[in-house]
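Scroll down for the structure; my scribbles are underneath it.
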């Protein structure tokens, strides 16, 4: 446990404050490409681009860090191309911190297209059907060559709903793979995060947290949540796990990204979040406002001569009427995807800034209470979300478009 | 003829120079929303958005003016919505000059979906099949309510290849409609441009130029060119027409937008151009460089660690390698459409700036010669272009996507 933060000379996490009466934390995570102020939300840039945004956009909306998917980049353009072009930062012209994941989540989502062994996962590319073997060593090597600031250990992802025996096997394999990842990890410039698994079983989660943190990673990700289980269960599991994570290391919660979930999970002591939800929702016309998510397609917006959210400081709200956004969406205009993405991401990033300030000022509880009082995800939205997640498990999550 | 420029108090064109040994002109066209420095290229914003670009982008690439399509806006969101939202400028958040066309070009391209009478064109919307009657009066009223700075008279568009009898009838009807447009035109804030027709028949073109200019519009557009005829014929027709256009009025050539065509047509005395080619080509991966158009899909670009055109001052060339652009295009990433559009438009707009400077400095001929010496549209490109135009005549030009 004590090894955290000392492994890589360039990586450092400093916990600045924990808000009284909550577990909410504020910190600074230093990387070779700059600081990430936590709690932080990392937009997802699957294919070395946050969909519809330029690096300048990403900077202007206040993002500190971007997460890219090793699976996608490994297949296209290929690790060798990105390495030859000077690494991921230079390739995508983003000078700030970058996280890559291990590739595991996407490979496990391939369903019948992959085959698991102790050595790794044999899978067929969704692009050309060619076979590849993803091992812990290959994942680390690929991430090393891509050159992100923070990389992830390869874990086994088990779908929600399997029984405890399946989860126990997967969790134990995740632990053996974690050790192999640590052995394969040579770059001193990159921080390697271990991943805690264990599904929704408190005992397994506890064991996993103990085991993974005992190996001494520079940060810890909680995997296998937000994959279809009820929100109440996710919060409960997280509350249990958090107690076993070292205070001095950053904690990354993978796949969480709705405003209400982020509030709850910051409250439960998580530091970093990444999720495609804000960007994907934006492209589908689902936009965040202080009062909840709205569907821009709604005919009521056709003649709405106001910004979408008049308290929002994003380019979109400062520039366009809701009527115009409605028109762009109905006309399937390319500009819509960018300005909707700018808005949804800025909405989340601005919330992260407010949370951090509130944690440092000791008022996180009040901020959360006030926000959640106004922000109401409708029952229908929650059902839709669950349904989509369920559907998603039936096919690769990027089957429509990669993210 | 002498009435040009005096009709609207807010509109004014000043001819500054004509380059010796050419007909190339430099001028300033003043509108209620700012000046347009000519020769000028107007990006096309069919549906109140230049595809993939924000108003800030449009400004930053140096565009002076944007052209929107009345046909598209009339059908969606509807003239009443835009009027209620404060007019086209406010709706699309573009504070600079705006041109609208009459709607005629799109309606005539509908083929069997429209029926021509002396009163106007009866057509069925490509969106919902409902019937509308576009008359000269309705076109002017719609353009008045949209609120552009420059509006166009409704003309009859005849496909290239018909015989002279058909063209004569169409040209004469265009003249009667031009008079009706003038009578219907009441807004003193908007400049109304007349349109010269006559196909590729020198005698008809001469008659049309005489007749239309005798009515006294504030500017003149040359219509019915760049619709599939060989380039040599287009230049010849234009050379003939130009002699009959008043020097003191701006001349707009509709539908021309390749670098080589713009050079030729500036040389022949044209002031303003609008065309969807640079933006459409960009979205299809055809990008302009000093040496000619390239297809970004080409495998040779996969590992090209240089900007697309290292002399180009656009955001795209200053930020990304060609390898990254290739990756974005192959991955169908949304960012591609924006950065490719930024590049192609900036390429054209930067050329316009250089042409203007050269005209004012008396060196237009040298600029044109040097540019065309390096810039080689391949034979294949020229054939493809002709073929596409021919195919285009078989179906509405926006059948794939509106522009």
*Those residues that are within 7 Å of chain B (Cβ to nearest Cβ) and in contact (Cβ under 8 Å) with a residue 24 or more places away in the chain, I need them from the range A:302-326; list them, please.*
A:302
*Test residue B:240 against the criterion of being surrounded by fewer than 24 Cβ atoms within 10 Å (Cβ to Cβ) and either assigned by TED's automatic domain parsing to the domain that holds residue B:262 or more than 17 Å from the chain's Cα centre (by Cα) (or both), and give yes or no.*
yes
*outside the structural domain of residue A:351 (by TED's automatic domain parsing) and within 22 Å of residue B:337 (Cα to Cα) - does that describe any residue in the range A:32-44?*
yes
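I'd like to check something: does the range A:69-76 contain any residue that is at pLDDT 95 or above, farther than 26 Å from residue A:212 by Cβ and in the same structural domain as residue A:149 (by TED's automatic domain parsing)?
Kept after step one, since they are at pLDDT 95 or above, are these residues of the range A:69-76: A:69-76.
Okay, now just the ones that are also farther than 26 Å from residue A:212 by Cβ, so A:75-76.
Within this subset, residues satisfying the condition of being in the same structural domain as residue A:149 (by TED's automatic domain parsing) are A:75-76.
Yes, the range A:69-76 contains at least one residue that is at pLDDT 95 or above, farther than 26 Å from residue A:212 by Cβ and in the same structural domain as residue A:149 (by TED's automatic domain parsing).
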_Among residues of the range B:16-36, those that are assigned to a strand (DSSP E or B) and either surrounded by fewer than 18 Cβ atoms within 10 Å (Cβ to Cβ) or without any contact (Cβ under 8 Å) to a residue 24 or more places away in the chain (or both), counted_ = 7
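Is it the case, given these coordinates, that residue A:87 is within 24 Å of the chain's Cα centre (by Cα), touching a residue at least 40 places away in the same chain (Cβ under 8 Å) and under 16 Å from residue A:142 (Cβ atoms)? Before the answer, list the steps.
On the way: within 24 Å of the chain's Cα centre (by Cα): yes; touching a residue at least 40 places away in the same chain (Cβ under 8 Å): yes; under 16 Å from residue A:142 (Cβ atoms): yes.
Yes; evaluated as a whole, the condition is true for this residue.
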_Residues satisfying the stated conditions in the range A:243-285, i.e. under 20 Å from residue A:202 (Cα atoms), over 16 Å from the mean Cα position of the chain (by Cα) and part of a helix (DSSP H, G or I)_ = A:267
*All helices (runs of 4 or more DSSP H) inside the range A:99-203 with 2 or more residues being farther than 27 Å from residue A:65 by Cβ and out of contact with any helix residue (DSSP H, G or I) (no Cβ under 7 Å at 6 or more places or on another chain)*: A:164-184
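Tally time: how many residues in the range B:327-358 are assigned to a helix (DSSP H, G or I), within 8 Å of another protein chain (Cβ to nearest Cβ) and within 20 Å of residue A:58 (Cβ to Cβ)?
Taking the range B:327-358 first, the residues assigned to a helix (DSSP H, G or I) are B:327-330, B:334-358.
Checking the rest, the ones that are also within 8 Å of another protein chain (Cβ to nearest Cβ) come to B:327-328, B:330, B:334-335, B:337-339.
Next, from what is left, pick out any that are within 20 Å of residue A:58 (Cβ to Cβ): B:327-328, B:334-335, B:337-339.
Qualifying residue count for the region: 7.
Just checking, does the range A:78-85 include any residue being under 22 Å from residue A:257 (Cβ atoms) and either touching a helix residue (DSSP H, G or I) at 6+ places or on another chain (Cβ under 6 Å) or in a loop (DSSP other than H, G, I, E, B) (or both)?
The first filter runs over the range A:78-85 and keeps only residues under 22 Å from residue A:257 (Cβ atoms), leaving none.
Checking the range A:78-85: not a single residue is under 22 Å from residue A:257 (Cβ atoms) and either touching a helix residue (DSSP H, G or I) at 6+ places or on another chain (Cβ under 6 Å) or in a loop (DSSP other than H, G, I, E, B) (or both).
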*Failed condition for residue A:304, given (1) buried (at least 21 other Cβ atoms within 10 Å of the Cβ); (2) at negative phi; (3) in a loop (DSSP other than H, G, I, E, B), with all others met?*
(1)
_Yes or no: the range B:67-75 includes at least one residue that is assigned to a loop (DSSP other than H, G, I, E, B), touching a residue at least 12 places away in the same chain (Cβ under 8 Å), closer than 23 Å to residue B:272 by Cβ and more than 7 Å from every other protein chain (Cβ to nearest Cβ)._
yes
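Suppose the filter is within 14 Å of chain B (Cβ to nearest Cβ) and in contact (Cβ under 8 Å) with a residue 40 or more places away in the chain; does residue A:99 pass it?
Working: within 14 Å of chain B (Cβ to nearest Cβ): no; in contact (Cβ under 8 Å) with a residue 40 or more places away in the chain: yes.
Against the criterion (within 14 Å of chain B (Cβ to nearest Cβ) and in contact (Cβ under 8 Å) with a residue 40 or more places away in the chain), residue A:99 does not qualify.
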_Can you tell me which condition residue B:58 does not meet? The list is (1) more than 10 Å from every other protein chain (Cβ to nearest Cβ); (2) out of contact with any strand residue (DSSP E or B) (no Cβ under 6 Å at 6 or more places or on another chain); (3) within 25 Å of residue B:125 (Cβ to Cβ), and all the others hold._
(3)
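Which is within 14 Å of chain B (Cβ to nearest Cβ) and touching a strand residue (DSSP E or B) at 6+ places or on another chain (Cβ under 7 Å), of A:276, A:282, A:286, A:299? First the steps, then the outcome.
Working: A:282 fails: touching a strand residue (DSSP E or B) at 6+ places or on another chain (Cβ under 7 Å); A:286 fails: within 14 Å of chain B (Cβ to nearest Cβ); A:299 fails: touching a strand residue (DSSP E or B) at 6+ places or on another chain (Cβ under 7 Å).
Going through A:276, A:282, A:286, A:299 in turn, the sole match is A:276.
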*Test: residue A:63 is crowded, with 18+ Cβ neighbours inside 10 Å, more than 13 Å from chain B (Cβ to nearest Cβ) and part of a strand (DSSP E or B)*: no
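Each row is one residue, and each column tells you yes or no for (1) surrounded by fewer than 22 Cβ atoms within 10 Å (Cβ to Cβ); (2) at pLDDT 95 or above; (3) touching a strand residue (DSSP E or B) at 6+ places or on another chain (Cβ under 9 Å); (4) closer than 25 Å to residue A:41 by Cβ.
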residue: A:95; (1), (2), (3), (4): yes, yes, yes, yes
residue: A:102; (1), (2), (3), (4): no, yes, yes, yes
residue: A:114; (1), (2), (3), (4): yes, no, yes, no
residue: A:125; (1), (2), (3), (4): yes, no, yes, no
residue: A:137; (1), (2), (3), (4): yes, yes, no, no
residue: A:145; (1), (2), (3), (4): yes, yes, no, no
residue: A:151; (1), (2), (3), (4): no, yes, yes, yes
residue: A:154; (1), (2), (3), (4): no, yes, yes, yes
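Name the residue, out of B:16, B:53, that is more than 14 Å from chain A (Cβ to nearest Cβ) and at pLDDT 95 or above.
On the way: B:53 fails: more than 14 Å from chain A (Cβ to nearest Cβ).
Result of the check over B:16, B:53: B:16.
Residue by residue through the range B:66-79, note down the ones that are touching a strand residue (DSSP E or B) at 6+ places or on another chain (Cβ under 9 Å) and either more than 18 Å from residue B:348 (Cα to Cα) or surrounded by fewer than 22 Cβ atoms within 10 Å (Cβ to Cβ) (or both).
Keep residues of the range B:66-79 that are touching a strand residue (DSSP E or B) at 6+ places or on another chain (Cβ under 9 Å), which gives B:66-71, B:73-75.
Selection gives B:68, B:69, B:70, B:71, B:73, B:74, B:75.
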*Just wondering, is there one or more residues in the range A:43-53 that are surrounded by fewer than 23 Cβ atoms within 10 Å (Cβ to Cβ) and part of a loop (DSSP other than H, G, I, E, B)?*
no
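The values are calculated or read from the model by the stated rules, or taken from the named source; none is laboratory data. Values in this document were obtained by computation on a predicted structure and should not be read as measured data. Every residue, glycine among them, receives a Cβ derived from its backbone with ideal geometry; neighbour counts consider all protein chains shown.
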